[in-house]
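The values are calculated or read from the model by the stated rules, or taken from the named source; none is laboratory data. The shown structure was predicted, so the numbers you read here are calculated from the model rather than taken from an experiment. Glycine gets a Cβ as well: all are built from the backbone with ideal geometry, and neighbour counts include every protein chain shown.
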Amino acid sequence: MEKQIGRYRVADFNPMILERLLQDMADKDYSTKTIRDVYNILNAMFKYAVHNRLITFNPCAGVDIPKTKTKPIRVLTVEEQREVLEQAKGRLHEHLIVTALGTGMRGGELLGLHGTT
């Protein structure tokens, strides 16, 4: 469905098409955040189209974002952490790996860090 979304004219969208799109994404195991981001982008686009009188109503109105399956989080064992640290020694991203294991920060948070001089 998402590959075909570009074939629709703005005026051709309706809540059923959008619900099907979001449900297809959920069925393909897209994350809840990704599905919500797609919904928010479409909602903003349709609000803009209503504001400019390109369409008379926002087809996102009343569309429910589907529930997604929660995925279990796997935590590295102490032995696995030791192995990762051993493999990271002397490598470019050693400090990021040590910080990640020590703090539990995610990749985006780690990449947002910067030193002060």
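Return the only residue of ASP37, ASP29 being free of Cβ contacts under 8 Å to residues at least 12 places away in the same chain, closer than 22 Å to LYS71 by Cα and either surrounded by 17 or more Cβ atoms within 10 Å (Cβ to Cβ) or of a type outside the set (Ser, Thr, Tyr) (or both). It would help to see each step written out before you state the result.
Working: ASP29 fails: free of Cβ contacts under 8 Å to residues at least 12 places away in the same chain.
So the residue among ASP37, ASP29 that is free of Cβ contacts under 8 Å to residues at least 12 places away in the same chain, closer than 22 Å to LYS71 by Cα and either surrounded by 17 or more Cβ atoms within 10 Å (Cβ to Cβ) or of a type outside the set (Ser, Thr, Tyr) (or both) is ASP37.
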Worksheet item: Considering only residues of segment 87-117 that are within 30 Å of THR34 (Cβ to Cβ) and in a loop (DSSP other than H, G, I, E, B), which is modelled with the lowest pLDDT?
Response: HIS114
Practice prompt. Run down VAL75, VAL84 and say which single residue is assigned to a helix (DSSP H, G or I), surrounded by fewer than 15 Cβ atoms within 10 Å (Cβ to Cβ) and free of Cβ contacts under 8 Å to residues at least 24 places away in the same chain.
Written response: VAL84
